[in-house]
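S.K.: I'd like to ask some things about the structure below.
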Number of protein chains: 2
Amino acid sequence: MNIIDFKWPKGFQSGAVHAGFKSSGQLDMCWLAANHPCAAAGVYTKNQFQAAPVQVTKHTIDQTHQLQAVVVNSGNANSFTGDEGIQNVHRETEMVGQKLGIDPNLIGVASTGIIGKQLEMDVFENGLNQLSLSDSTAAPEAIITTDTTSKKICVETTIDGQLVTVTGFAKGSGMIHPNMGTTLSFISTDANIDGATLQAILSAKIVNSFNQITVDGCMSTNDMVIAMASGDANNHPLTNQHPEFAEFVAAFDHVLTGLAKMVASDGEGASKLIEADVFHAASQVDANHVAKAIVGSNLIKAMIFGEDANWGRIVQALGQTEAKISLDHLAISIENTAIIKDSQIQTFDMDALRKQLASDNINITVDLAAGDYSGVAWGCDLTYKYVEINAAYEE
Amino acid sequence: MNIIDFKWPKGFQSGAVHAGFKSSGQLDMCWLAANHPCAAAGVYTKNQFQAAPVQVTKHTIDQTHQLQAVVVNSGNANSFTGDEGIQNVHRETEMVGQKLGIDPNLIGVASTGIIGKQLEMDVFENGLNQLSLSDSTAAPEAIITTDTTSKKICVETTIDGQLVTVTGFAKGSGMIHPNMGTTLSFISTDANIDGATLQAILSAKIVNSFNQITVDGCMSTNDMVIAMASGDANNHPLTNQHPEFAEFVAAFDHVLTGLAKMVASDGEGASKLIEADVFHAASQVDANHVAKAIVGSNLIKAMIFGEDANWGRIVQALGQTEAKISLDHLAISIENTAIIKDSQIQTFDMDALRKQLASDNINITVDLAAGDYSGVAWGCDLTYKYVEINAAYEE
């Protein structure tokens with residue numbers, strides 16, 4: 001598997017424009033389309049108020065596990081918009097279908113932005129009139145909201161001697177605390193794989209990637225990850241019997257995990273990425289939960305922003321969970337400096353540790369000494385900027 | 001029931017000094033003692049790493065449901081301090097017992113401050129040498145850490161024709177997300193009531209008072225509420241058969257709830273108190289959980305700081321819970337302005353609402369239209385100051 005410059009897999013084209021959802025004049029609408037129906041899979045937010053595009057797109061993918069195109073806008077989430085919101089999504093699929101000559105049932109829709117405002121259909125139409133399909137890779141720029149950078153990643157691998165590309169892009173920043181779905185993210189590949197298998201991989205791999213990041217503990221109404229596979233790489237169909245199945249899964253997982261870390265790293269106002277590694281947990285649930293509790297603690301997040309090593313807050317966060325923890329053999333390290341070993345406070349150079357905390361990537365490692373499971377989670381520091389961004393958020 | 005100026009109930013005396021735990025020279029040690037053993041009750045943090053004073057004091061109260069004195073320090077939490085920490089608590093009870101001529105098994109100990117540092121016993125001894133018992137009401141000042149004000153409340157009621165006083169004080173500010181226990185809080189009363197009944201009232205009333213506040217979602221290792229009843233009011237023993245039992249419970253609850261709101265209102269960096277009232281929930285658990293989810297959302301907290309009415313974040317927070325919510329009859333109001341009614345967005349004056357958000361007390365009301373239960377929770381806004389305080393916390 002090689003990480004390569006961002007490009008679309010064989011069979012896909014894209015485009016991005018400023019439709020007018022954002023007053024700033026930035027790109028706010030894009031699409032990604034294949035030249036024939038693709039195998040498709042999706043995972044969606046568990047928020048009870050799933051936004052209209054999430055409801056409709058989930059229904060579409062559930063029916064046939066196929067999609068040929070997705071259209072995405074930022075600047076308006078089309079969330080909590082009732083029947084009118086649902087009808088607008090259907091109008092979007094019809095309009096895009098007509099323009100591309102594709103069955104509306106093969107079109108996915110995603111939206112992100114402010115909640116509780118009907119989608120401006122005239123703006124959507126304006127955007128659609130300008131959209132075209134090409135090798136343009138501007139789409140990742142068009143789905144961001146308070147993000148400071150676009151999130152995109154591309155890996156290449158060889159299966160049956162054929163070059164297979166897996167490409168993903170995502171948005172992130174705020175209201176990030178995914179559960180079984182996530183922030184908007186779109187994975188495309190030219191691998192030959194059926195929808196059910198693609199769904200199985202996506203559902204399995206989302207658990208340890210996007211579901212292990214948090215920015216602010218707030219689960220969005222619009223989270224959705226969609227994967228599309230064109231099959232244009234011409235490998236033999238990928239099933240779990242395929243000798244190179246694991247290689248494809250690894251490539252797919254690398255894209256998912258890479259995007260998840262980019263989203264955490266660029267959380268609203270973030271200046272640092274925090275990674276928590278948990279070892280020797282009694283179960284996978286414990287391992288994942290403890291890791292996420294560490295990166296989700298406001299006190300730890302603020303401490304990392306301040307480049308302070310107030311490690312008692314890690315103890316506090318561990319104790320707040322119901323995970324099994326050895327009372328005699330707990331170990332905690334920050335940036336490879338051992339703070340606690342066998343549940344005893346270690347002697348360490350606090351000034352040297354503080355200097356290490358100036359890094360942009362902070363690692364916290366915890367050994368629960370309670371079993372054989374490991375887990376990782378990613379988050380970001382809590383900064384003045386986060387408060388500033390969220391004290392006045394308008395688009 | 002009358003709210004009166006702060007004083008100790010009959011039978012209690014107190015004192016507060018600067019022992020030296022805090023380098024600032026502020027009061028950092030206090031005690032509260034009765035002239036004979038009192039009925040006692042306690043609730044304690046559910047954090048897995050209960051601090052040494054929590055473990056020892058819980059054991060003491062569990063044995064006999066009696067206490068005669070409590071001693072409290074700020075500036076050091078005596079938490080995650082192992083066997084030495086436990087031994088230090090026993091030394092504290094012996095030293096206090098000797099000085100007051102009280103059985104060490106009748107002395108409760110509480111500590112608050114930084115985690116992971118052994119208690120400086122020479123500092124404790126220095127404080128103890130200065131401590132005396134009087135009508136001084138300085139104790140609430142001696143237990144604060146990053147609090148901006150002390151939290152204290154006193155109510156008076158009449159039972160069997162006898163004046164009964166219930167007095168409470170608490171600390172709060174950060175690491176506030178109590179579960180079954182809370183921030184440090186001490187309730188004293190001269191009511192005649194046995195320890196088991198007092199425990200039953202405390203355990204019942206903690207659920208809708210301290211357990212319904214959150215500042216930052218972080219459950220402390222040191223949370224503890226202790227109640228002591230001297231019996232000096234000379235009422236007939238209060239049991240649930242007593243005709244004025246409800247009156248006492250109401251007075252006790254007023255003290256608990258009043259302190260809880262003070263702690264929320266003075267959360268670290270807070271500029272506003274947020275109250276969430278939830279009506280027509282399908283269960284008490286749903287009602288309490290939804291109310292706490294609203295006041296616990298970083299996005300809502302930041303929006304209230306910014307005096308912004310981005311109400312979609314309330315929808316997001318509701319949807320993130322697993323509470324039963326009517327999809328047709330949900331109602332949401334902010335400061336009595338109806339935003340959502342029968343799940344439809346209402347027309348309202350956004351500028352007028354923004355002006356109302358300049359208030360120090362913000363009310364968010366949600367009607368889930370799913371049952372007959374109500375719940376309330378209290379929190380505070382998320383401010384630059386919270387980040388500042390927690391980016392560099394040292395004592």
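S.K.: Given the criterion in contact with a His (Cβ under 9 Å, 6 or more places away or on another chain), open to solvent by 10 Å² or more (accessible area, probe 1.4 Å) and not assigned by TED's automatic domain parsing to the domain that holds residue B:74, identify the matching residue among B:322, B:307.
M.R.: Criteria check complete, one pass: B:322.
Here is a yes/no grid of residues against (1) assigned to a loop (DSSP other than H, G, I, E, B); (2) buried (at least 18 other Cβ atoms within 10 Å of the Cβ); (3) touching a Pro at 6+ places or on another chain (Cβ under 9 Å):
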{"position": "B:118", "(1), (2), (3)": "yes, no, no"}
{"position": "B:123", "(1), (2), (3)": "no, yes, no"}
{"position": "B:128", "(1), (2), (3)": "no, yes, no"}
{"position": "B:132", "(1), (2), (3)": "yes, no, no"}
{"position": "B:145", "(1), (2), (3)": "yes, yes, no"}
{"position": "B:154", "(1), (2), (3)": "no, yes, yes"}
{"position": "B:165", "(1), (2), (3)": "no, yes, yes"}
{"position": "B:169", "(1), (2), (3)": "no, yes, yes"}
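S.K.: Still on this model: Determine which single condition residue B:382 fails, assuming it passes every other condition in (1) part of a loop (DSSP other than H, G, I, E, B); (2) open to solvent by 10 Å² or more (accessible area, probe 1.4 Å).
M.R.: Against the list (1) part of a loop (DSSP other than H, G, I, E, B); (2) open to solvent by 10 Å² or more (accessible area, probe 1.4 Å), residue B:382 comes up short only on (2).
S.K.: Could you tell me whether the stretch A:253-261 includes any residue that is in a helix (DSSP H, G or I), open to solvent by 10 Å² or more (accessible area, probe 1.4 Å) and not assigned by TED's automatic domain parsing to the domain that holds residue A:117?
M.R.: No, because not a single residue in the stretch A:253-261 is in a helix (DSSP H, G or I), open to solvent by 10 Å² or more (accessible area, probe 1.4 Å) and not assigned by TED's automatic domain parsing to the domain that holds residue A:117.
S.K.: Does residue A:69 count as more than 19 Å from the chain's Cα centre (by Cα) and in a strand (DSSP E or B)? Spell out how you get there, then give the answer.
M.R.: On the way: more than 19 Å from the chain's Cα centre (by Cα): yes; in a strand (DSSP E or B): yes.
Yes, satisfied.
S.K.: Taking the residues in the stretch B:322-333 that are among the aliphatic types (A, V, I, L, M) and closer than 16 Å to residue B:375 by Cα as candidates, determine which candidate is farthest from the other protein chains (Cβ to nearest Cβ).
M.R.: B:331
S.K.: Got a number for residues in the stretch B:256-304 being within 14 Å of another protein chain (Cβ to nearest Cβ) and of a type in the set (Asp, Glu)?
M.R.: So the answer is 2.
S.K.: Can you name the residue in the stretch B:262-295 that is within 19 Å of residue B:169 (Cβ to Cβ) and out of contact with any helix residue (DSSP H, G or I) (no Cβ under 8 Å at 6 or more places or on another chain) and, of all such residues, is least open to solvent (accessible area, probe 1.4 Å)?
M.R.: Going through the qualifying residues, I end up with B:266.
S.K.: May I ask you to list the residues in the stretch A:44-66 that are within 12 Å of chain B (Cβ to nearest Cβ) and either in contact with a strand residue (DSSP E or B) (Cβ under 8 Å, 6 or more places away or on another chain) or touching a residue at least 40 places away in the same chain (Cβ under 8 Å) (or both)?
M.R.: Matches in the stretch A:44-66: A:45, A:46, A:47, A:49, A:50, A:51, A:54.
S.K.: What are the pairs with Cβ atoms under 6 angstrom where one residue, in the stretch A:95-120, is farther than 11 Å from residue A:67 by Cβ and touching a residue at least 24 places away in the same chain (Cβ under 8 Å) and the other, located anywhere, is assigned to a loop (DSSP other than H, G, I, E, B) and open to solvent by 40 Å² or more (accessible area, probe 1.4 Å)? Sequence gap at least six, or different chains.
M.R.: Pairs found: A:113/A:395; A:114/A:395.
S.K.: Residues being modelled with pLDDT of 95 or more and either farther than 29 Å from residue B:265 by Cβ or outside any strand (DSSP E or B) (or both): count how many of those fall in the stretch B:343-369.
M.R.: Selection size over the stretch B:343-369: 2.
S.K.: Continuing with the same structure: Regarding residue A:247, is this residue assigned to a strand (DSSP E or B) and either surrounded by fewer than 22 Cβ atoms within 10 Å (Cβ to Cβ) or more than 16 Å from the chain's Cα centre (by Cα) (or both)?
M.R.: No.
S.K.: Of the residues A:54, A:89, A:72, which single one is touching a Cys at 6+ places or on another chain (Cβ under 7 Å), assigned by TED's automatic domain parsing to the domain that holds residue A:125 and of a type in the set (Val, Ile, Thr)?
M.R.: The match here is A:72.
S.K.: Among the listed residues B:41, B:16, identify the single one that is outside any loop (DSSP other than H, G, I, E, B) and open to solvent by 10 Å² or more (accessible area, probe 1.4 Å).
M.R.: B:16
S.K.: Let me ask something else. Listed residues A:253, A:308, A:342; which is more than 14 Å from chain B (Cβ to nearest Cβ) and among the charged types (D, E, K, R)?
M.R.: A:253
S.K.: Would you say residue B:182 is modelled with pLDDT of 85 or more, among the hydroxyl-bearing types (Ser, Thr, Tyr) and buried (at least 24 other Cβ atoms within 10 Å of the Cβ)?
M.R.: Working: modelled with pLDDT of 85 or more: no; among the hydroxyl-bearing types (Ser, Thr, Tyr): yes; buried (at least 24 other Cβ atoms within 10 Å of the Cβ): yes.
Taking the combined requirement at face value, the residue does not satisfy it.
S.K.: Same structure again: When residue B:319 is evaluated against the numbered criteria (1) part of a loop (DSSP other than H, G, I, E, B); (2) within 7 Å of chain A (Cβ to nearest Cβ); (3) within 17 Å of residue A:80 (Cα to Cα), which criterion, by number, is the only one it fails?
M.R.: Exception for residue B:319: condition (1).
S.K.: Mind telling me which of the residues B:49, B:21 ends up being touching a Phe, Trp or Tyr at 6+ places or on another chain (Cβ under 7 Å) and in a loop (DSSP other than H, G, I, E, B)?
M.R.: Only one candidate qualifies: B:49.
S.K.: For residue A:140, work out the one condition from (1) over 30 Å from residue A:243 (Cβ atoms); (2) surrounded by fewer than 21 Cβ atoms within 10 Å (Cβ to Cβ); (3) at pLDDT 90 or above it doesn't fulfil.
M.R.: (2)
S.K.: A further question on this structure: Confirm whether residue B:329 is assigned to a loop (DSSP other than H, G, I, E, B), open to solvent by 30 Å² or more (accessible area, probe 1.4 Å) and under 21 Å from residue A:48 (Cβ atoms). Break it down into steps so the answer makes sense when it comes.
M.R.: Working: assigned to a loop (DSSP other than H, G, I, E, B): yes; open to solvent by 30 Å² or more (accessible area, probe 1.4 Å): yes; under 21 Å from residue A:48 (Cβ atoms): yes.
In short, yes.
S.K.: In the stretch B:67-96, how many are more than 14 Å from chain A (Cβ to nearest Cβ) and either surrounded by fewer than 18 Cβ atoms within 10 Å (Cβ to Cβ) or aliphatic (A, V, I, L, M) (or both)?
M.R.: Taking the stretch B:67-96 first, the residues more than 14 Å from chain A (Cβ to nearest Cβ) are B:67-74, B:87-96.
Now restrict to residues that are either surrounded by fewer than 18 Cβ atoms within 10 Å (Cβ to Cβ) or aliphatic (A, V, I, L, M) (or both): B:67, B:69-72, B:87, B:89-91, B:94-96.
Residues that pass the stated criteria total 12.
S.K.: In the stretch B:100-116, which residues are crowded, with 19+ Cβ neighbours inside 10 Å and at positive phi?
M.R.: B:113, B:116
The values are calculated or read from the model by the stated rules, or taken from the named source; none is laboratory data. Everything numeric in this text was worked out from a predicted model, so none of it was measured. Glycine gets a Cβ as well: all are built from the backbone with ideal geometry, and neighbour counts include every protein chain shown. Protein only, heavy atoms only, side chains kept; ligands, DNA and RNA dropped before computing areas. Shrake-Rupley method; radii C 1.70, N 1.55, O 1.52, S 1.80 Å.
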